[in-house]
Amino acid sequence: MYAKNAWNKYNNYDDIFSFGNEYKEFITKGKTERTFIKKTIALAKEYGFKDIKEFDIFKAR
């Protein structure tokens, strides 16, 4: 009847807390909608995403 405790599925809590701390840092830096969007775009570009305006033709892979 009760949901299983998610903490029991993980062996390495460092990964969980690291993710949480990175998320808190990201939210702290992006306090307004404008700064949040700027930070999100920069992060997406850092991970290799490109602006849709950079493409002339789209092809399915």
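Structure summary
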item: Yes/no for Gly48 being touching a Lys or Arg at 6+ places or on another chain (Cβ under 6 Å) and of a type outside the set (S, T, N, Q); result: no
item: Residues located in region 32-61, provided they are exposed (fewer than 10 other Cβ atoms within 10 Å of the Cβ) and either among the aromatic types (Phe, Trp, Tyr) or assigned to a loop (DSSP other than H, G, I, E, B) (or both); result: Thr32, Tyr47, Gly48, Lys50, Asp51, Phe55, Asp56, Ile57, Phe58, Lys59, Ala60, Arg61
item: Cβ pairs under 7 Å, 6+ apart, first in region 1-26 and within 29 Å of Thr40 (Cβ to Cβ) and of a type in the set (Phe, Trp, Tyr), second open to solvent by less than 80 Å² (accessible area, probe 1.4 Å) and assigned to a helix (DSSP H, G or I); result: Tyr10/Ile16
item: Any pair with Cβ under 7 angstrom, 6 or more apart, that starts in region 44-61 at a residue that is at positive phi and ends at one that is of a type outside the set (S, T, N, Q); result: none
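Here is a yes/no grid of residues against (1) of a type in the set (Val, Ile, Thr); (2) modelled with pLDDT of 85 or more:
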site	(1), (2)
Asn12	no, no
Phe17	no, yes
Lys31	no, yes
Thr40	yes, yes
Phe49	no, yes
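The values are calculated or read from the model by the stated rules, or taken from the named source; none is laboratory data. Every value quoted in this text rests on a predicted model; they were computed, and no experiment measured them. So basically every Cβ, Gly included, is an ideal-geometry build from the backbone, and we count neighbours across all protein chains shown. Just the protein is used for accessible areas: all its heavy atoms, side chains included, with ligands, DNA and RNA removed. Shrake-Rupley method; radii C 1.70, N 1.55, O 1.52, S 1.80 Å.
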